[in-house]
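To keep things clear, I will list the structure first and then write my remarks on it.
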Amino acid sequence: MPELPEVETVRVGLQRLLPKRVIKSADFDWPKSFPNSKHDVGQFLIDAKIIAVRRRAKVLIIDLSSNYSLVIHLKMTGQLVFVPKTKPDNRFGAGHPNDSLIGKLPDKSTRVTISFTDGSRLFFNDQRKFGWMRLMPTIEVPEIDFMKKVGPEPLESDFTDKLFIERLMRRKNSNIKAVLLDQTVLAGVGNIYADESLFAAKIHPISIVNAVPKTRLKALHKELIDVLTLSIEKGGSTDRNYVNAEGKKGSYIDFAKVFRREKQPCIVCGSEIKKIRVAGRGTHVCESCQKVYGATK
Ligand SMILES: [Zn+2]
């Protein structure tokens, strides 16, 4: 599943490429991937100019000059690939890392093709068909159920340690990993970033929020921001104009200190990294470095 840093990588790339382009047509092969009426498409999508590409949690929002927006959820296997008419090397793709990012498009994973008047195209590829691209009035976007419930963005400047601790305390009797993953507490934190930030802050994932000292929670706030920021830098730091499957995969493995490192030695103390189950998710932990607060192993 693309996580917040990957979706942000998509946003940054598309914000650089899409604004001012005018939509000429939209084709799709799977109605659930593009659940929009023919009338709305004709009225509010075709001939509309792209204004901006925004993100909220893991949802992308492409604002149009028609006062409508395309709201996009990549879900498990979604990706967006922009291909210019000329200079195909300037293509940009990000999201689920597979060969469609760099291969000839459309291919069998292409669900939606948006063509622009200048001959460039935006492909929404999604092998498993859980993702979607929905057209709706821009003013209604904040009214989507998901948007109303989702917690604050961890990378916004107003996301202070005070706000972070307040949000965690909404579920003070739960284990801290479950709370970090709860999208109503915080927006967009997935399994990798929960494990990595808890490791860096030396907090065992089964710890109960209320029992963790404030100093540790402040450390967790800093580590969470650091790990998300680093990951976005990795996603965006390639000198090519697209992020290919290998580059993406490599960047995760490069920075991960515990995630998917079970049975390997901890880089801090040398103990073996364990894989356990917390909050229903595979969880990577160094039981020597990460202290348990308010729970029993
Ligand atoms: Zn360790």
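When 172, 129, 177 are screened for being outside any helix (DSSP H, G or I) and touching a residue at least 60 places away in the same chain (Cβ under 8 Å), only 129 passes. Do we have residue 234 as assigned to a helix (DSSP H, G or I) and either touching a Pro at 6+ places or on another chain (Cβ under 6 Å) or modelled with pLDDT under 95 (or both) here? Yes. Among the residues of region 119-172, those identified as among the hydroxyl-bearing types (Ser, Thr, Tyr) and in contact with a strand residue (DSSP E or B) (Cβ under 9 Å, 6 or more places away or on another chain) are 120, 138.
Select from region 24-56 the residues that are among the small types (Gly, Ala, Ser) and exposed (fewer than 13 other Cβ atoms within 10 Å of the Cβ) and write down the one among them that is farthest from the chain's Cα centre (by Cα). So, considering only residues that are among the small types (Gly, Ala, Ser) and exposed (fewer than 13 other Cβ atoms within 10 Å of the Cβ), the one farthest from the chain's Cα centre (by Cα) is 42. Pick from region 144-167 the residues that are part of a helix (DSSP H, G or I), among the hydrophobic types (A, V, I, L, M, F, W, C) and farther than 18 Å from residue 226 by Cα: which of them is least open to solvent (accessible area, probe 1.4 Å)? Step by step, filter region 144-167, then rank; the result is 147.
Go through region 259-297 and count every residue that is near the ligand (Cβ under 9 Å from one of its atoms) and either at positive phi or modelled with pLDDT under 95 (or both). Within region 259-297, residues that are near the ligand (Cβ under 9 Å from one of its atoms) and either at positive phi or modelled with pLDDT under 95 (or both) number 1.
The set of residues from region 203-217 being open to solvent by less than 10 Å² (accessible area, probe 1.4 Å) and over 7 Å from residue 176 (Cβ atoms) comprises 204, 217. The conditions are (1) among the small types (Gly, Ala, Ser); (2) without any contact (Cβ under 8 Å) to a residue 60 or more places away in the chain; (3) in contact with a helix residue (DSSP H, G or I) (Cβ under 8 Å, 6 or more places away or on another chain), and residue 157 fails exactly one of them. Which is it? The number of the failed condition is (3). Within region 100-110, the only residue that satisfies the criterion of being of a type outside the set (Gly, Ala, Ser), modelled with pLDDT under 85 and closer than 11 Å to residue 125 by Cα is 101. Can you find even one residue in region 220-229 that is touching a helix residue (DSSP H, G or I) at 6+ places or on another chain (Cβ under 7 Å), modelled with pLDDT of 95 or more and among the aliphatic types (A, V, I, L, M)? Among the residues of region 220-229, at least one is touching a helix residue (DSSP H, G or I) at 6+ places or on another chain (Cβ under 7 Å), modelled with pLDDT of 95 or more and among the aliphatic types (A, V, I, L, M), which makes the answer yes.
Residues are listed down the side, and each one gets a yes or a no for (1) over 20 Å from residue 70 (Cα atoms); (2) modelled with pLDDT under 95:
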position	(1), (2)
118	no, no
124	no, no
132	no, no
135	no, no
139	no, no
146	no, yes
156	yes, yes
162	yes, no
165	yes, no
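Taken as a whole, the condition of being out of contact with any His (no Cβ under 6 Å at 6 or more places or on another chain) and either under 24 Å from residue 145 (Cβ atoms) or free of Cβ contacts under 8 Å to residues at least 24 places away in the same chain (or both) applies to residue 45. Against the list (1) under 19 Å from the mean Cα position of the chain (by Cα); (2) part of a strand (DSSP E or B); (3) buried (at least 20 other Cβ atoms within 10 Å of the Cβ), the condition residue 100 fails is (2). If you go through region 3-23 and keep only what is under 25 Å from the mean Cα position of the chain (by Cα) and under 20 Å from residue 106 (Cβ atoms), you end up with 10, 13, 14, 17, 18, 21.
Against the test of being closer than 30 Å to residue 183 by Cα and surrounded by fewer than 22 Cβ atoms within 10 Å (Cβ to Cβ), the options 83, 112, 59 yield a single qualifying residue, 59. Selection within region 181-195: residues that are open to solvent by 10 Å² or more (accessible area, probe 1.4 Å) and in a helix (DSSP H, G or I). The member of this set that is modelled with the highest pLDDT is 181.
The values are calculated or read from the model by the stated rules, or taken from the named source; none is laboratory data. Bear in mind that the values here come from a model prediction, so they are computed numbers and not experimental data. Note: ideal-geometry Cβ built from the backbone for every residue, glycine included; neighbour counts use all protein chains shown. Heavy atoms of the whole protein, side chains included, go into the accessibility calculation; ligands, DNA and RNA do not. Shrake-Rupley method; radii C 1.70, N 1.55, O 1.52, S 1.80 Å.
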